[in-house]
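See below for the structure under consideration.
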Amino acid sequence: MVLVVGLFASVACSPTTAEPVRPPGIAEAVDQCSESCQRCHATEYSAWAGTDHARANRVISEQDRPAFDRTEPIDVGGSRFDLAWKDGRPRMVEHRANDAAIAHTPEFALGARPFWQPVVPAPGGRWQPTDAAYDPVHQDWFNIFGDEHRQPGEWGHWTGRGMNWNSMCAPCHMTGFRKHYELASDSYRSTWVEHGVGCIQCHGPVSQEHRNLPAGTRAPDTEEPCGAFAAKRVRAMETCAPCHARNESLTPEFRPGEAYLDHYRPTLPVDPLDFYPDGQQRGEVFDWTSFLLSRMGGHGGVTCLDCHDAHTGKTILPVENNLLCLRCHVSPGLNGAPAIDPAAHSHHAAGSAGSQCVACHMPTTTYMQRAPRHDHGFTKPDPLLTKELGIPNACNRCHTSQDTDWAIAHAEAWYGAKLDSSQRARTRVVAAARRRDPAAVGGLVTQLRREDIAAWRATLLDLSAPFVAGSLELTEIAQHSLGAQSPLERASAVRLLGAQPELADRIRPLLKDPVRLVRINAEWALSPSLPPASAERAELDAYLGLELDQPSGQARLAQDLANRGRFDAAERTLRRAADWDPHSPALPDALGFVLSAQGRPAESAAALRRAAELHRSDSQSAFRAALEYAEAGHPAEAESSLRLALQRDPAFARAWYNLGLLLAQSNRLAEASAALRRAESLEPSNPDYPYALATVLLRTGDRQGAVEAARRTLQLNPNHDGARAIAE
């Protein structure tokens, strides 16, 4: 049973008589719900009450009755529900494809505007928000996944772990939330102080002395943590970041006033599904990373509170007439911002949509079907990058009837050389690195030498991973970044160099870094050598234990176990993760590696083939499955997997090579020769391919062809003894 603290409170929380030495953690401040602050902070409380923060999660009440009190069912996306309001409570009867009818009684509403989702209790202390959401403005139901029909049993179905409220929603929608997951029973004993984002979630709990002050008396600024929160604007902004970013938790608790990177790993624009190469948001990544990537947030010292009121969440000045932006961008320019004349700069008439700064530099993307959000990267619209890389631009977002060339022509006429900026150069480098284009190395080196935004430097280091082993320059830059001022950059440098065992001594000093994110990256890289009873081992294990209720957390733990040679434990952990998410290709792929390390090639091959079947565009898993099948002595299955890899990637030279060798083993020499010729044509710089062809041609009796292939081998590798023997 979930322990609900202060859930039904209608008056101020009762103060305790105990007097702690310092304020408790948020989760322990059970008597400091927001109404207890109202006595002295009525103005702030009034501004906060009714906001999206205050209503981020709430108990369903009579005000929600119109959403449920209806006779016709809702059939939205993948879900069909009968709705009703009975005995003062909502009721949802779910109808599934197998004609099963399952009754649910929602207890919470997740979110407020522009929509909210009912949250229903489930076995094991779980709470699950439905994929059917209610729009109070349009007064209709819709599916947050649109036309995507997720099925029961899938990780991302509304009843699955991917939609579990305890793990995925509550930490940012509740005050003082702790999920209290128990792996042995796969269940939760979650607790919280109050629904929604209350006062102490942002300000932290206060001391008994603070609470004993007479009404209207100002608390001393030196009090922690409120004093630290008020005194440092950057730390104040970092209190917003945990919930306004896609990130990974490093600890179970963040207290206002503490450093964000001591508790979270932000998602950087490495994955193309998260961000476009210029840093514009693509997936639902929220705002924090985009802001760090921007020149204002990442270099100019602008904070959330420069634009937003802390209690209402609204902008402190209007955006429609550009007053908010002109607060800084007017002569002489606040905070060093360049002065801008909106009419001259935008080339649009005053009062038009195109004259608004936010329309061009903060374009909106709609998430979950009905939640439009402004991008906070403040990027320059660049239609040329749309043509080159498919990146959206604000011009064509508005002028939908015009093509990209039209937008390019206007942008060039209006801004000319200004668009050929560091943003454009960096974007091209990021795109090339994501493609793993070998030519990206030079661009990464150049960009890292001139980039001055720490979040972009960290991103470029992360993107260097496929290239660093073969680039002395990238290695030297990464080693220099180990001493960077930015902990985000240091953390990426540690992760990049940590994959090279010969550089372990260079990253070992970072085990004592003052920032936890940097330490954890170092601990991860050096995990096999960490003493069992060390503080470093304890910190890493605590981090690895945070998300064991999710397949991703189990997979992370399994990887660490495998890195430490504990393959049996890694296998058990991965199998549990695969049971929880049977449709994820990454899990059987990882299991294949673990089984291979244990000398079980047939089982490894089966796992890798399963991964290939789940990931229908992946050729690598199919190729690795073929190698394991071959080692296990199953040539037919090996050939099938190689052909699957080549079907998905006809330019996969190594797969053609291995197919040629396999065909030669079964004396299908003509087919083997053709496969080997194809490999050589795709990768003419590899001496393995013409040499293998030479050996096959000898077996067919084509001595001249074999000699020619051997000579091509010697041109690539003059010391190749086998080729020399054939050529002579």
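Condition check: over 30 Å from Ala97 (Cα atoms) and either assigned to a loop (DSSP other than H, G, I, E, B) or modelled with pLDDT of 90 or more (or both). Does Pro152 satisfy that?
no
Filter segment 110-138 down to the residues that are touching a residue at least 60 places away in the same chain (Cβ under 8 Å) and of a type in the set (Gly, Ala, Ser) and list them by number.
Across segment 110-138, the qualifying residues are Gly111, Ala112, Gly124, Gly125, Ala133.
Six or more apart or on different chains, Cβ under 6 Å: which pairs go from a residue in segment 184-202 that's in a loop (DSSP other than H, G, I, E, B) to one that's of a type in the set (A, V, I, L, M)? Could you list them?
Going by the 6 Å Cβ cut-off, the qualifying pairs are Ser190/Val2; Val193/Val5; Val193/Val30; Gly196/Ala54; Gly196/Ala56; Val197/Ala56.
On the basis of being modelled with pLDDT of 95 or more and touching a strand residue (DSSP E or B) at 6+ places or on another chain (Cβ under 9 Å), does Ala133 make the cut?
Criteria met by Ala133.
Output the qualifying pairs, or none if there are none: Cβ atoms under 7 angstrom, residues six or more apart or on different chains, first residue in segment 528-554 and touching a residue at least 60 places away in the same chain (Cβ under 8 Å), second residue among the acidic types (Asp, Glu).
Pro551/Asp581
Among the residues of segment 519-537, what is the count of those that are among the small types (Gly, Ala, Ser), under 27 Å from Ser481 (Cβ atoms) and surrounded by fewer than 22 Cβ atoms within 10 Å (Cβ to Cβ)? Before the answer, list the steps.
Going residue by residue through segment 519-537, those that are among the small types (Gly, Ala, Ser) are 522, 525, 527, 529, 533-535.
Of the ones still in play, those that are also under 27 Å from Ser481 (Cβ atoms) are 522, 525, 527, 529, 534-535.
Going one step further and asking which of them are surrounded by fewer than 22 Cβ atoms within 10 Å (Cβ to Cβ), we end up with 527, 529, 534-535.
Final tally of qualifying residues: 4.
Which pairs do you get when a residue that is among the polar types (S, T, N, Q), found in segment 645-666, comes within reach of a residue that is in a loop (DSSP other than H, G, I, E, B), reach meaning Cβ atoms under 9 angstrom, with the pair 6+ apart or on two chains?
What qualifies is Gln647/Ser619.
In this structure, is Ala706 over 29 Å from Glu613 (Cβ atoms) and either part of a helix (DSSP H, G or I) or modelled with pLDDT under 95 (or both)?
Judged against the criteria, Ala706 is a match.
Out of segment 1-56, which residues are at pLDDT below 90, under 29 Å from Val120 (Cα atoms) and either in a helix (DSSP H, G or I) or not small (Gly, Ala, Ser) (or both)?
In the first step, residues of segment 1-56 are kept if they are at pLDDT below 90; the result is 1-25, 39.
Then drop every residue that is not under 29 Å from Val120 (Cα atoms), which leaves 1-13, 25.
Correct list: Met1, Val2, Leu3, Val4, Val5, Leu7, Phe8, Val11, Cys13.
I'd like to verify a number: residues in segment 92-144 that are in a loop (DSSP other than H, G, I, E, B), buried (at least 20 other Cβ atoms within 10 Å of the Cβ) and aliphatic (A, V, I, L, M), how many?
Here the count works out to 1.
Taking Ala344 as the residue in question, decide whether it is over 32 Å from the mean Cα position of the chain (by Cα), assigned to a loop (DSSP other than H, G, I, E, B) and modelled with pLDDT under 95.
no
Take Gly354 and decide whether it is surrounded by 12 or more Cβ atoms within 10 Å (Cβ to Cβ), within 35 Å of the chain's Cα centre (by Cα) and either closer than 23 Å to His299 by Cα or not assigned by TED's automatic domain parsing to the domain that holds Arg113 (or both).
Judged against the criteria, Gly354 is a match.
If Pro129 satisfies all but one of (1) out of contact with any Phe, Trp or Tyr (no Cβ under 6 Å at 6 or more places or on another chain); (2) closer than 21 Å to His195 by Cα, what's the number of the condition it fails?
(1)
What is the residue count in segment 438-455 for residues that are farther than 16 Å from Arg495 by Cβ and in contact (Cβ under 8 Å) with a residue 24 or more places away in the chain?
9
Given the criteria crowded, with 16+ Cβ neighbours inside 10 Å and either part of a helix (DSSP H, G or I) or touching a Phe, Trp or Tyr at 6+ places or on another chain (Cβ under 7 Å) (or both), does Ala655 qualify? Walk me through it before giving the result.
Numbers: crowded, with 16+ Cβ neighbours inside 10 Å: yes; either part of a helix (DSSP H, G or I) or touching a Phe, Trp or Tyr at 6+ places or on another chain (Cβ under 7 Å) (or both): yes.
Yes.
One line per residue, one yes/no per condition, for (1) more than 22 Å from the chain's Cα centre (by Cα); (2) not charged (D, E, K, R):
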| position | (1), (2) |
| --- | --- |
| Gln447 | yes, yes |
| Arg450 | yes, no |
| Ser471 | yes, yes |
| Ile477 | yes, yes |
| His480 | yes, yes |
| Ser492 | no, yes |
| Pro509 | yes, yes |
| Lys512 | yes, no |
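So, in segment 384-434, of the ones that are outside any loop (DSSP other than H, G, I, E, B) and among the polar types (S, T, N, Q), which residue ends up surrounded by the most Cβ atoms within 10 Å (Cβ to Cβ)?
Filtering first and then ranking leaves Thr427.
Among the residues that make up segment 300-311, is at least one of them surrounded by fewer than 21 Cβ atoms within 10 Å (Cβ to Cβ), touching a Ser or Thr at 6+ places or on another chain (Cβ under 6 Å) and in a loop (DSSP other than H, G, I, E, B)?
yes
Criterion first (closer than 18 Å to Arg373 by Cβ, of a type in the set (D, E, K, R) and either more than 15 Å from the chain's Cα centre (by Cα) or surrounded by fewer than 21 Cβ atoms within 10 Å (Cβ to Cβ) (or both)) does Arg282 satisfy it?
Working: closer than 18 Å to Arg373 by Cβ: yes; of a type in the set (D, E, K, R): yes; either more than 15 Å from the chain's Cα centre (by Cα) or surrounded by fewer than 21 Cβ atoms within 10 Å (Cβ to Cβ) (or both): yes.
Considered against the rule, which asks whether it is closer than 18 Å to Arg373 by Cβ, of a type in the set (D, E, K, R) and either more than 15 Å from the chain's Cα centre (by Cα) or surrounded by fewer than 21 Cβ atoms within 10 Å (Cβ to Cβ) (or both), Arg282 comes out as yes.
Among the residues of segment 594-605, what is the count of those that are buried (at least 20 other Cβ atoms within 10 Å of the Cβ) and under 28 Å from Leu548 (Cβ atoms)?
4
Given the options Pro252, Pro256, Pro272, name the one that is in contact (Cβ under 8 Å) with a residue 12 or more places away in the chain and in contact with a strand residue (DSSP E or B) (Cβ under 9 Å, 6 or more places away or on another chain).
Pro252 is the lone residue from the list that is in contact (Cβ under 8 Å) with a residue 12 or more places away in the chain and in contact with a strand residue (DSSP E or B) (Cβ under 9 Å, 6 or more places away or on another chain).
The values are calculated or read from the model by the stated rules, or taken from the named source; none is laboratory data. None of these values were measured; they are calculated from a predicted model. Don't worry about glycine lacking a Cβ; one is built from the backbone with ideal geometry, like all the others, and counts go over all protein chains shown.
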